[in-house]
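One structure is given below, encoded as structure tokens.
Throughout, read-outs are computed from the coordinates displayed, never taken from laboratory work. Just so you know, these numbers come straight off a predicted model, no measurement behind them. For neighbour counting, all protein chains shown are included, and Cβ atoms are generated from backbone atoms with ideal geometry for every residue, glycine included.
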Amino acid sequence: MSAKNPESRGGGAGLRTKAEAEPKLAVDRIRKTARELFYREGIRATGVDEIVTRAGVTKPSLYRSFSSKDELAAAYLRDYDGEFWVRFEQSADKHPGDPKAQIIDYIRSLGQRAQRPDYRGCGLSNAALEYPAPDHPARLVSEDHKRRLRLRLTEMAKGMGARRPQALADGLLLLIEGVFVTGQLFGDRGPAMHAAEMAETMIQASRAN
């Protein structure tokens, strides 16, 4: 009786699955490490050597998944964009059909996070400052995010009955960006603690006769 081929018993498939999983795990570690370092230290200040060392991978592993550090930075920002919208939608889901309550809830939560010692603002806003060139991959991701946020705020302002929806949306966007910055400067008990109150005042004024 001839011996069975190991692959016929699923052994080969198991080996292939393990081999395919290893690169994925490496990519996950790279993205996670890059996200932590880029956010805490800044993109320009973080070198590829530090990323691969902390992630426990090799440079070839990184460059198999990302053609350059710029592309890794863009991937980090796309991940950050996804995280932002998860938080934003969580606030929206708490108050269905009530855009005022939705944005107040988001800004209140943001104001609380901005007072934490490890807060470093918005990774997308920070990246836009680090990369002023309009065609840089990181800049493109950041600008796209901010444009979508502005559009979303405008839709919400219309739903609140603002007399000038665009003006209210831009005011709320300026307030949010202000929290991103002042949270890094003042921390606990800084201006961010009043963000939700200021948003409420702006919204009420926008609907006054």
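Filter the stretch 164-207 down to the residues that are β-branched (Val, Ile, Thr) and either touching a residue at least 60 places away in the same chain (Cβ under 8 Å) or assigned to a loop (DSSP other than H, G, I, E, B) (or both), then identify the one that is surrounded by the most Cβ atoms within 10 Å (Cβ to Cβ). Among them, the one singled out is 179.
Being part of a loop (DSSP other than H, G, I, E, B), more than 20 Å from the chain's Cα centre (by Cα) and touching a residue at least 12 places away in the same chain (Cβ under 8 Å) is the filter here; which residues of the stretch 114-163 pass it? Across the stretch 114-163, the qualifying residues are 160, 161, 162, 163. Filter the stretch 32-79 down to residues that are part of a helix (DSSP H, G or I), under 26 Å from residue 184 (Cβ atoms) and among the β-branched types (Val, Ile, Thr) and give me whichever is nearest to the chain's Cα centre (by Cα). Within the stretch 32-79, the match that is nearest to the chain's Cα centre (by Cα) is 33. Among the residues of the stretch 42-60, those identified as buried (at least 18 other Cβ atoms within 10 Å of the Cβ) and either among the polar types (S, T, N, Q) or more than 12 Å from residue 138 (Cβ to Cβ) (or both) are 46, 51, 52, 55, 57.
Which count do you get for residues in the stretch 118-157 that are surrounded by 14 or more Cβ atoms within 10 Å (Cβ to Cβ), among the acidic types (Asp, Glu) and closer than 25 Å to residue 97 by Cβ? The total comes to 0.
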